[in-house]
Amino acid sequence: MSTTPLNPVAGEFAIDQVWFAIEDLLRQELGDAIDVDSIGEKDFDEQGDLTINPPAARVGFADEKAGQPLDPQNATYNGEQMFFVVCAAEDMRGTKEQRLASLRLVAQIKHQLVGARLWLKDGTQTEPLIFAGTSPLPTKAIGMAYVAGFIVPNVAQFAAPNAYPTEAS
């Protein structure tokens with residue numbers, strides 16, 4: 001990922017800064033017991049199947065929505081960014097135990113992120129993170145991982161250089 005903000009616009013959180021802040025918070029709070037990183041090609045095999053090595057949490061960007069315009073003429077929107085955390089834990093006693101171990105990791109992640117206000121590298125702070133839900137994700141080698149989604153509320157203000165077009169010459 002780039003170290004330059006992807007969205008250098010007033011009031012709009014740079015996706016990469018939020019991403020880094022989520023990872024940093026999870027690393028601080030979970031310590032060395034859980035491998036926290038961005039999801040990447042190292043987590044997939046040649047067929048594209050997830051092969052994450054537990055215990056691990058992989059953070060990724062999922063979506064951005066503009067939401068309802070607060071002031072369409074000035075291009076100000078009440079939006080949100082959505083991030084996900086893939087949670088995979090291992091329990092060799094059996095399939096059910098492995099799934100429960102991954103769900104316990106989801107609970108740890110939720111405990112750290114729900115309601116958290118992230119400090120971004122540009123000195124701004126997010127609104128409290130909102131939990132969006134959890135979904136199962138079958139994985140090779142371990143059985144079942146779970147994906148927990150989190151919403152980062154955001155007010156996006158765009159420059160709108162063409163909001164007041166001049167007459168054609």
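The values are calculated or read from the model by the stated rules, or taken from the named source; none is laboratory data. Since the model is a prediction, treat every value here as computed from it, not as a measurement. As a convention, Cβ positions derive from the backbone with ideal geometry for all residues, glycine included, and neighbour counts pool all protein chains shown. Side chains are part of the model used for accessible areas, which takes the heavy atoms of the whole protein and leaves out ligands, DNA and RNA. Shrake-Rupley method; radii C 1.70, N 1.55, O 1.52, S 1.80 Å.
The table below lists the values:
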| read-out | value |
| --- | --- |
| Qualifying residues in the range 92-110 (those that are under 13 Å from Thr134 (Cα atoms) and small (Gly, Ala, Ser)) - the one nearest to the chain's Cα centre (by Cα) | Ala107 |
| Residues satisfying the stated conditions in the range 43-66, i.e. of a type in the set (Asp, Glu) and either part of a loop (DSSP other than H, G, I, E, B) or free of Cβ contacts under 8 Å to residues at least 12 places away in the same chain (or both) | Asp45, Glu46, Asp49 |
| Selection count, the range 12-58, where residues are surrounded by fewer than 21 Cβ atoms within 10 Å (Cβ to Cβ), modelled with pLDDT of 90 or more and among the β-branched types (Val, Ile, Thr) | 2 |
| Checking Glu127 against (1) assigned to a loop (DSSP other than H, G, I, E, B); (2) in contact with a strand residue (DSSP E or B) (Cβ under 7 Å, 6 or more places away or on another chain); (3) under 20 Å from Pro54 (Cα atoms), the condition it does not meet | (3) |
| Output for the range 17-42, where each listed residue is touching a residue at least 40 places away in the same chain (Cβ under 8 Å) and not polar (S, T, N, Q) | Val18, Trp19, Phe20, Ala21, Ile22, Leu25, Leu26, Glu29, Leu30, Ile34, Ile39 |
| Residue within the range 99-120 that is open to solvent by 40 Å² or more (accessible area, probe 1.4 Å) and touching a Gly at 6+ places or on another chain (Cβ under 6 Å) present | no |
| Residues (assigned to a loop (DSSP other than H, G, I, E, B), modelled with pLDDT of 65 or more and surrounded by 13 or more Cβ atoms within 10 Å (Cβ to Cβ)) located in the range 140-169 | Ala141, Ile142 |
| Residue that is surrounded by the most Cβ atoms within 10 Å (Cβ to Cβ), among those in the range 59-79 that are at pLDDT 85 or above and out of contact with any Asp or Glu (no Cβ under 6 Å at 6 or more places or on another chain) | Phe61 |
| Search result, residues across the range 101-150 that are small (Gly, Ala, Ser) and under 18 Å from Glu64 (Cα atoms) | Ala132, Gly133, Ala148, Gly149 |
